[in-house]
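Report on the following structure.
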Amino acid sequence: MEKLRLSVYFVIGIIIILIVFTLLKSWFVYDRGIELAKHPSNSIQTVYVEPDDDLVEHSAVVWGKFLYYPLGLNRDRENFGPRKTLNHAQNLVFVDLQTGRNRKVFNKSVYIWDYFYGAEPEKSSSDPETQEVSEDVFLGLKTGKKFVIVGMPEDTNKDGYLNQKDSKKVFVYDPNYDELLPILPKKFYLEKILPDTPENKLVMIVKREEESGPGKKKPNLPTLYIYDTLQKRGQMIERP
């Protein structure tokens, strides 16, 4: 009986430890995010946190040419969007397997909310249940051999951290040319990315940031923004 009682206490203790760990992880990774630090030059820089070995755990090869892996990945599976997952990270590293050249996508640590790429045209029409699909593939998105990155590069709420409370910007990264393009218009932020769009089209619901100041203002309503990943230009669709 004594052994049974001790076993029950042991199991309860493990459950409590797991709950505490999960809550702390949620606060450090999702709520607290990446800390910003002021330097003598008054410039704002991110405080880099040494990640686990993501090269071993989370590296993958895409398009038969590039190996990529995140820095500081924390994968969030909470039924977000069509992929049912989010990739939170601080940066992405790409290695050209033909030349051996490697580079980071961002020149400093940012708060990446998610990153993914579209299905290849010849594979997008096949039954997804008969093939193994990477967690980083956004089915229904046909944006060519480019990565789409949603992140918070700016501390928009001025709390000293880059985290999920800041407004989301969208970037398109082309590893063939090592080209990173911010694609949203100034003062506009992402609300939602829509799947099942035409080829080379990234369709998003965006919203203009609220203006501060005295007086009652008309609220900024979300609107549609279409970005052509081939032509590298966007079009704002005004509400009727």
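The values are calculated or read from the model by the stated rules, or taken from the named source; none is laboratory data. Keep in mind that this is a model prediction, so the values were computed, not measured. Here the Cβ is made from the backbone with ideal geometry for all residues, glycine too, and neighbour counts use every protein chain on show. With ligands, DNA and RNA removed, areas are computed over all heavy atoms of the protein, side chains included. Shrake-Rupley method; radii C 1.70, N 1.55, O 1.52, S 1.80 Å.
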Worksheet item: From 230, 194, 202, which residue is under 14 Å from residue 150 (Cα atoms), in contact (Cβ under 8 Å) with a residue 40 or more places away in the chain and either among the aliphatic types (A, V, I, L, M) or crowded, with 16+ Cβ neighbours inside 10 Å (or both)?
Response: 202
Worksheet item: Which number in (1) over 19 Å from residue 235 (Cα atoms); (2) of a type outside the set (S, T, N, Q); (3) out of contact with any Gly (no Cβ under 9 Å at 6 or more places or on another chain) marks the one condition that residue 140 misses?
Response: (3)
Discussion item. If I filter the range 11-31 for residues that are touching a strand residue (DSSP E or B) at 6+ places or on another chain (Cβ under 6 Å) and at pLDDT below 90, do I get at least one hit?
Written reply: yes
Worksheet item: In the range 160-180, is there at least one residue being open to solvent by 60 Å² or more (accessible area, probe 1.4 Å) and modelled with pLDDT of 90 or more?
Response: yes
Worksheet item: Which members of the range 181-191 meet the condition of being open to solvent by less than 70 Å² (accessible area, probe 1.4 Å) and over 20 Å from residue 140 (Cβ atoms)?
Response: 181, 184, 185, 188, 189
Worksheet, complete the sentence: Inside the range 67-110, the number of residues satisfying the requirement of being in contact (Cβ under 8 Å) with a residue 24 or more places away in the chain, part of a loop (DSSP other than H, G, I, E, B) and of a type in the set (D, E, K, R) is 2
Worksheet item: Can you name the condition, by its number, that residue 209 falls short on among (1) surrounded by 13 or more Cβ atoms within 10 Å (Cβ to Cβ); (2) at pLDDT below 95?
Response: (1)
Practice prompt. Inspect the range 176-190 for any residue being under 15 Å from residue 110 (Cβ atoms) and not aliphatic (A, V, I, L, M) and give the result as yes or no.
Written response: yes
Discussion item. Please verify whether residue 132 is open to solvent by 60 Å² or more (accessible area, probe 1.4 Å), of a type in the set (Asp, Glu) and part of a strand (DSSP E or B), treating the condition exactly as stated.
Written reply: no
